[in-house]
Amino acid sequence: MSKKKKVFLIIFVVFIVLAIAGYVLGSKYYGYIYGPNVKVEQEPAYIHIPNGSDYNDVLQILDESGYVIDMESFKLVAERKNYSSKVLAGRYEIHDGMSNNELVNLLRSGKQSPVRLSFISVRSLDILAGKVAVYIEADSAQIANLLKDPDIVAKYGFNDKTFMSMFIPNTYEFYWNTSAEKFVERMAEEYKKFWSEDRKQKAANMGMSQSEVSTLASIVEAETQKNDEKSRVAGVYINRINKGILLQADPTVVYAVGDFTIQRVLNRHLQIDSPYNTYIYAGLPPGPINIPSVSSIDAVLNYEKHNYLFFCAKDDFSGYHVFAVTNAQHEANARKYHQALRKAGIR
């Protein structure tokens, strides 16, 4: 073989080796970028990046999550795409088989998966704080402290007794990294939306403020879970208010005592001196005794007009009530109910 041919052969072999090496390295690098690198056993799965997190925090979160198969390849792609300068807090939904490129693009985009936050029949602001903290980054202590802050309460036009009425039960979409302050701001906006001109006019026609409507609605909420009789129960209390009769609502006494395990209100409970004890103090209590549902608020605004002044649980234990115009009728209804309790062995 001539010298010229030997040189050509050597060059050709080197070229082939380099080509193969380039192909292998290129395939490997392509795999780093576009190959699957996320393993999710059960979907949906989420990555939560708290406010204030930096790139190293994200690496630690991903590593501890166990979702990323090869962290080194992820870092290679993340650094190539300059993710370290574009860290955005939030809740991100990930899927099995995602590539590093897809994951980095998602985290860089800030396209969070919102949470659906729901609350109904909440007894206090502390309980509300606990429920909300399940859905957003702010913890229950942060939320509870804010809800008790006099400056925050006054900022939205309430006092410490009426502030509960600003929170309208519903299902809302939030981003996970919502702060306690932003949660309260959003609730204030929802409160304004809820109180339409129609609702405000109905409250005005009744001679009640929006907070007073919510206060009465909270009593209705505690008295019955039957939506189809809430307006009738509301009508009873409206009649008693208009006639200057004490409301004598047992749920307000339970609230005054502060023991929500009470099954039956006894005479000793009725003696407690509290503005929430409607057996002693006339009119509505200072504020809501719970966060009433929309159905209870609307039941008050659209209360049934009738002559009833009393109501008592039905003796069939259906959860419904029987209504009466006179005290004599009410006493008869109450006797039937207590007889049914004794017959059923309930004390």
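Determine by what factor the alpha-carbon radius of gyration of the chain differs from 2.2 N^0.38 Å, reporting the quotient. Each step should come with its number before you reach the end.
Details: Rg = 32.2 Å, N = 347, 2.2 N^0.38 = 20.3 Å.
Normalised Rg, Cα atoms only: 1.58.
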Could you tell me which residue out of 215, 74, 234 lies farthest along the dipole of the chain toward its positive end? Charges go on the beta carbon: Lys and Arg +1, Asp and Glu -1, centred on the Cα centre. 74
Overall dimensions of region 19-109 by Cα: Rg and Dmax, Å: 13.5, 47
Which far-off residues, 5 or more places away or on another chain, put their amide H under 5 Å from the one on residue 90, with H placed in the peptide plane? 49
J(HN,Hα) series, region 132-142, from Karplus relation 6.51 cos²θ - 1.76 cosθ + 1.60, nearest Hz, glycine and proline x: 5, 4, 5, 9, 10, 5, 4, 8, 4, 5, 4
Cut-off is 10 Å between beta-carbons; in what order do 321, 269, 338 appear when sorted fewest neighbours first? 338, 269, 321
Charges only on Cβ, +1 for Lys and Arg, -1 for Asp and Glu: so what's the dipole of region 115-194 about the Cα centre, in debye to the nearest 20? 280 debye
Evaluate the relative contact order of the chain (contact order divided by residue number), counting alpha-carbon pairs under 8 angstrom at least 6 apart; express in whole percent. 14 percent
Least to most buried among 77, 87 (fewest other Cβ within 10 Å first): 87, 77
In the neighbourhood of residue 150 defined by beta carbon distances under 13 Å, the net charge of the other residues (Lys, Arg +1; Asp, Glu -1) is 0
Sequence-distant residues sharing a close amide H with residue 321 (under 5 Å, placed H): 314
For residue 54 and residue 179, extending 7 Å from Cα along the Cα-Cβ vector and measuring point to point gives, in nm, a value of 2.0 nm
Stretch residue 192-residue 45 to full length: gain in nm at 0.36 nm per residue minus the Cα-Cα span? 49.4 nm
Applying the Karplus parametrisation 6.51 cos²θ - 1.76 cosθ + 1.60 with θ = phi - 60° to the phi angles of region 110-127, what ³J(HN,Hα) value in whole Hz is obtained for each residue in order, glycine and proline being reported as x? x, 7, 6, 9, x, 9, 9, 9, 10, 8, 9, 6, 9, 7, 8, 5, 5, 5
Overall dimensions of region 197-306 as given by Cα atoms, namely Rg and Dmax in Å: 13.4, 44
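We did not get these values from a lab; they are worked out from the coordinates using the rules stated. All values derive from a computational prediction rather than experimental measurement. All Cβ positions, glycine included, derive from the backbone under ideal geometry; neighbour counts span all protein chains shown.
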